[in-house]
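What follows is one structure encoded as structure tokens, with my remarks underneath.
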Amino acid sequence: MDFTFTEEQQAAVEAARAVFSGVEPDGVPSPALAPGAVAEDIDRPLWAQLATGDLLGLTLAPEHGGAGLDPVALCLVLRESAKVLARVPLLETCAVAMSLQRDGDPGLAAELLPRVGRGELVLTVGANGRTGHDAAELAVTAIRDSNRNGKDDGSDAGHDSDGSAWVLDGVQSGVPWAHSADWIAVPAHTADGRAVLALVRRTAEGVTLAEQVSTNGELLAEVRLDGVRIEDRALIGTPGAWEWLRALLTTGTCALALGLGETVLSMTSEYTGKREQFGFPIATFQSVAVQAADRYIDLRAMEVTLWQAAWRISTGTAGALPVAGDIAVAKIWAADGVRRIVQTAQHLHGGFGADTDYPLHRFHAWAKQIELSLGPAAAHEEALGDLLAAHPLG
């Protein structure tokens, strides 16, 4: 495999490092020091810097003011953001914007995407469904407005004069950054069982947000939709559109796990190289070195499986298994790997790992949130097994 990045992708990394160099993890609000959510809004100054650095339009087409790069470039930037615990909806905004550009209404894309690139709009997506255990699209219904109380025949007849064409009802739980977002992408299902993606204004009539708090202290929302009416152009019904967005969100989360893990292992290496026992740095002790080496192996496995999945999404290249197989492997390594890395870091740091004056506890909370977002590795192993059974290799 050749994972050499292009000059444009490498330039994106350098631009991201320049922006994130001003973020100090010590200054990131800590869930250990706040009784509820750590903050009510995203890091707006950092969001503005990302816009100024053209990083919010990284994956947008040139006609929308973007650089036209691919998901691999986005994952590279996400990796850098996680190294400093950047409190911005970079993944959600870019992923939804890419989905709108790829499968959405061209007119709506032309209206919204340039503003996204300039940092004027924040986008997010509900991907957890009602409970987090069922498919997200099953938690919300999308019914033709003219057929809300009758049979949905799938026709375009009966649109109201205000352009409303669909009515949404249901709940999406644990929606990140929803209180700060301007638009929320909501997966839903139609009367005939099709999975669709609805773009909803946060301030639309019938949308209510209930506060929820994540493991890392960030403010989430239970988004309830009660007869929310949207225009026909705000519903993306292209087959596979929601599945593609979900795959990109998952792969981007794996990139966050990788970036966070790299920083935590670096912190552990620095600490064990300075901390002495019996007159020697503890990094020279065999038991410490072996544990650190195992976590380095985790990182390299997380990295190679991430780029394989991101490359498949970016290029659409066929493989022995569907792209879901590569994503499952990346999720297995990211979910288990980031957990093992922070646990080892806590062990080797001793009491400093829990000291709120030391940044490791912040990384630990963010790692647990990422692990929970990805779901248990055992579930992904089962999904991978089903794919292998359906697509025998060799």
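Data table
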| read-out | value |
| --- | --- |
| Some residue of the range 297-308 being in contact with an Asp or Glu (Cβ under 6 Å, 6 or more places away or on another chain), within 26 Å of Ile341 (Cα to Cα), assigned to a helix (DSSP H, G or I) and in contact (Cβ under 8 Å) with a residue 60 or more places away in the chain | yes |
| Val116 vs. criteria at pLDDT 95 or above, outside any helix (DSSP H, G or I), under 23 Å from Leu219 (Cβ atoms) and not charged (D, E, K, R) | no |
| Every pair of residues 6+ apart whose Cβ atoms lie under 6 Å, when the first sits in the range 36-61 and is without any contact (Cβ under 8 Å) to a residue 40 or more places away in the chain while the second is small (Gly, Ala, Ser) | Gly53/Ala15 |
| Selected residue (only one of Ala292, Ala318 is closer than 30 Å to Gly350 by Cβ and surrounded by fewer than 21 Cβ atoms within 10 Å (Cβ to Cβ)) | Ala292 |
| Any hit, the range 11-21, residues being open to solvent by 20 Å² or more (accessible area, probe 1.4 Å), part of a loop (DSSP other than H, G, I, E, B) and farther than 23 Å from Gln101 by Cα | yes |
| Residue match in the range 349-364 (condition: at pLDDT 95 or above, open to solvent by less than 50 Å² (accessible area, probe 1.4 Å) and within 22 Å of His380 (Cα to Cα)) | no |
| Sole exception among (1) touching a residue at least 24 places away in the same chain (Cβ under 8 Å); (2) farther than 21 Å from Ala377 by Cα; (3) assigned to a loop (DSSP other than H, G, I, E, B) for Leu321, by number | (2) |
| Pair list, Cβ under 9 Å, 6 or more apart: the range 23-35 residue within 12 Å of Ala365 (Cα to Cα), other residue β-branched (Val, Ile, Thr) and open to solvent by 70 Å² or more (accessible area, probe 1.4 Å) | Pro31/Val213 |
| Set Leu58, Leu76, Leu33, Leu91: member being within 30 Å of Ala210 (Cβ to Cβ) and open to solvent by less than 50 Å² (accessible area, probe 1.4 Å) | Leu91 |
| Selected residue (only one of Gly193, Gly217 is in a loop (DSSP other than H, G, I, E, B) and buried (at least 21 other Cβ atoms within 10 Å of the Cβ)) | Gly217 |
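The values are calculated or read from the model by the stated rules, or taken from the named source; none is laboratory data. This is a predicted model, so every value here is computed, not measured. As a convention, Cβ positions derive from the backbone with ideal geometry for all residues, glycine included, and neighbour counts pool all protein chains shown. Side chains are part of the model used for accessible areas, which takes the heavy atoms of the whole protein and leaves out ligands, DNA and RNA. Shrake-Rupley method; radii C 1.70, N 1.55, O 1.52, S 1.80 Å.
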